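These notes concern the structure reproduced below.
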Amino acid sequence: MLNAATVPRSPSFSVANQHALATILEASQTKSIIASRDIFDISGIKLWARDQPVSSALQRRLLDRQLRNPLESCLLAEDGVTAHTLVRAFEEQLERGGPLAALVRPHAGRILKEAAHLPLHSVPQLLLTASQASRPEAFDHAVQAMALCGAMMDAHGGGVAELRMALLCGLLHDLGEMYIDPRHGEADADRELDFVSYQQLVVHPHVGHLLIAQLTNYPGALSRAIAEHHERLDGSGYPHGLQRDEVSALGRMLAVAEVTLATLRHAERPQLARASVALRAVPGEFDLNWAQVVEAAARAEVPCRANLGTADVQARLGRLDGALRMAEECVAALTPQAESPALKGAVALGQHLLSRLRIGWNASGLWSAQALSARDAAEVEAIEEELVFRLRAIERAALLRAGELAPGDAARLGTLCESLRAVSV
C-alpha cells in the first residue's frame, strides 16, 4: 500500500473544494447552474437561496465554511449533460475515426441504445456538465472511456444492466480529477507527470470513489471500480497497491481502458498496437480477458513502420538493459543498508517492480539478438519505449512509498532514482 503520509488528503465534502468550485463557476458562464435547494452552513446560516444562479459571490460566501449538505448535492445544471448529449458525443467520436473508433464501431449499435438510457444522477451530471464546458479534453476522455468499456462489455456478452454499468464506469471514472489542482495533471497524463504532480494525481481514484459512494445512489460496484482504475493485478498500481482478486472485475476492465486510452493519447502515432504492447509489457498486470478486445482490434490494424533502423533499436535496447541492470544492482546494495521502515518499504517495492519488469523484458525476447532480428521493428520500438516508461514509473512509486525520509535515507534512495533515470527514449 502507498505511504499515506505522501498522498494528499482527499476532500471533505462538508467544505467546498476550491478546484471543483472554480470549474463549476467557469461552466456557469455558459451553462445554467442554479441552487436546487437553500445552501446553509453547519451552524444554520443561509448562504445561498434555492433557484439562485451560482456566481463568484457564492464562492466568497463559501470560503472556509463547513456546509450542512455537500455543495455538489445542492446545485443543478439545468441545461447540462443528458443521455442525448452522450449519444451525440459518441457519434461524433465515431465520425472522427481513428483507432478507438475502429475498435468500438462493431459494438456501436448496443452502445448507442444503452447510452440513451443511462441514469445520470444530479451530482455526476453537474460535474460532467462543468467538465464539458471548462475541461473539454477531460469530457472527451470520459466519453471515450464510456465507449471503450461498453465495447469490452458487449464483446463479453454482457446483458443490459451489465452494459449500462460498464458505460457508467467509463464515463465517471475520472471525476475525482476535478478535485485536484489542474496544474498537476489531466486525464491520462500520469505517464508524463513529474513526481510532485504525480503526488497530487495519485489520490484522484479515491476521491472519485467517495463522490459516487457518498453523494449518489449508484451501486457500490461502480464506486469500487472507480477506486480501482489505476490498480494493477501484480500490486504495482495505485492508490492502494491491490493484487489479483482484490481488484473487482469492473476495476480490471477500467484499468485496461485507462491504459489503452493513455497510450493512444500520448503516442506520436496513435495505434492500438501500441496499447497492446503496454497491456502485455509486464505479464500479470492486466486481466487478459478484457485486454483481448484491444488485442483483437490491434491485429486488424495496418502495421506502422518503425522510426529507427534495427541497429539504432539494438543500441537503445542495450542502453535500456544496462540501466535495468544498474537499478537491480543498486537495489541489491541498498537492501542491507535500509533500516528505517520507510526506506525498507521503498526499496522492497522497487525490487518487486524491477523483478516484474525483468520478467516482461525476458518474455519479450528482446534480450536475444536472434529473436530481435525476427521481430517487427515497430513493435520492438514500442516495447522499448514502454519499458523506459516503466523505469520512470518505478522511481515515482518508490518515492511515493518512502514519503519523508531522513537526509541519509533520502540520499540512499536518491542513488536508486538516479539509476532509474539513466536512460530515456
key: Among (1) closer than 30 Å to L272 by Cα; (2) at pLDDT 95 or above; (3) of a type outside the set (S, T, N, Q) - the single one R50 does not satisfy   = (1)
note = The residue from R96, R105, R110 that alone is assigned by TED's automatic domain parsing to the domain that holds W290, of a type outside the set (V, I, T), over 20 Å from Q18 (Cα atoms) and crowded, with 16+ Cβ neighbours inside 10 Å is R110
query = Scanning for something polar (S, T, N, Q), out of contact with any helix residue (DSSP H, G or I) (no Cβ under 8 Å at 6 or more places or on another chain) and touching a residue at least 24 places away in the same chain (Cβ under 8 Å), does segment 37-53 turn up at least one residue?
reply = no
request  = Please enumerate the residues belonging to segment 28-49 that are part of a loop (DSSP other than H, G, I, E, B) and basic (K, R).
outcome  = K31, R37
inquiry  = Tally up the residues in segment 105-137 that are in a loop (DSSP other than H, G, I, E, B) and more than 24 Å from the chain's Cα centre (by Cα), please.
reply    = 2
key: From the options V256, V293, V247, residue that is modelled with pLDDT of 90 or more, in contact with a Phe, Trp or Tyr (Cβ under 6 Å, 6 or more places away or on another chain) and of a type in the set (A, V, I, L, M, F, W, C)   = V256
ask   = Got a number for residues in segment 31-58 being touching an Asp or Glu at 6+ places or on another chain (Cβ under 9 Å), under 14 Å from G80 (Cβ atoms) and not aliphatic (A, V, I, L, M)?
value = 3
request  = Check R88, R60 and return the single one that is assigned to a helix (DSSP H, G or I), over 26 Å from L264 (Cβ atoms) and not aliphatic (A, V, I, L, M).
outcome  = R60
query = List the pairs whose first member sits in segment 297-325 and is surrounded by fewer than 19 Cβ atoms within 10 Å (Cβ to Cβ), whose second member is part of a helix (DSSP H, G or I) and modelled with pLDDT of 75 or more, and whose Cβ atoms are under 6 Å apart, counting only residues at least 6 apart or on separate chains?
reply = E301/L272; E301/A273
inquiry  = Out of E78, E137, I need the residue that is among the acidic types (D, E), within 22 Å of L168 (Cα to Cα), surrounded by fewer than 20 Cβ atoms within 10 Å (Cβ to Cβ) and in contact with a Ser or Thr (Cβ under 8 Å, 6 or more places away or on another chain). Which one?
reply    = E78
Residues that are of a type outside the set (G, A, S), modelled with pLDDT under 75 and surrounded by 13 or more Cβ atoms within 10 Å (Cβ to Cβ), drawn from segment 384-425 = E384, V423
key: Tabulated pairs, segment 71-95, first without any contact (Cβ under 8 Å) to a residue 24 or more places away in the chain, second not hydrophobic (A, V, I, L, M, F, W, C), C-beta under 7 angstrom, 6+ apart or interchain   = L94/R105
query = For segment 168-194, which residues satisfy the criterion of being in a helix (DSSP H, G or I) and either touching a Cys at 6+ places or on another chain (Cβ under 9 Å) or at pLDDT 65 or above (or both)?
reply = L168, C169, G170, L171, L172, L175, G176, E177, M178, Y179, P182, R183
message = For E92, only one of the following conditions fails: (1) more than 24 Å from the chain's Cα centre (by Cα); (2) at pLDDT 95 or above. What is its number?
response = (1)
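The values are calculated or read from the model by the stated rules, or taken from the named source; none is laboratory data. Keep in mind that what you see is a predicted model, and the values were worked out from it rather than measured. Reconstructed Cβ throughout: ideal geometry from the backbone, glycine too, with neighbour counts over all protein chains shown.
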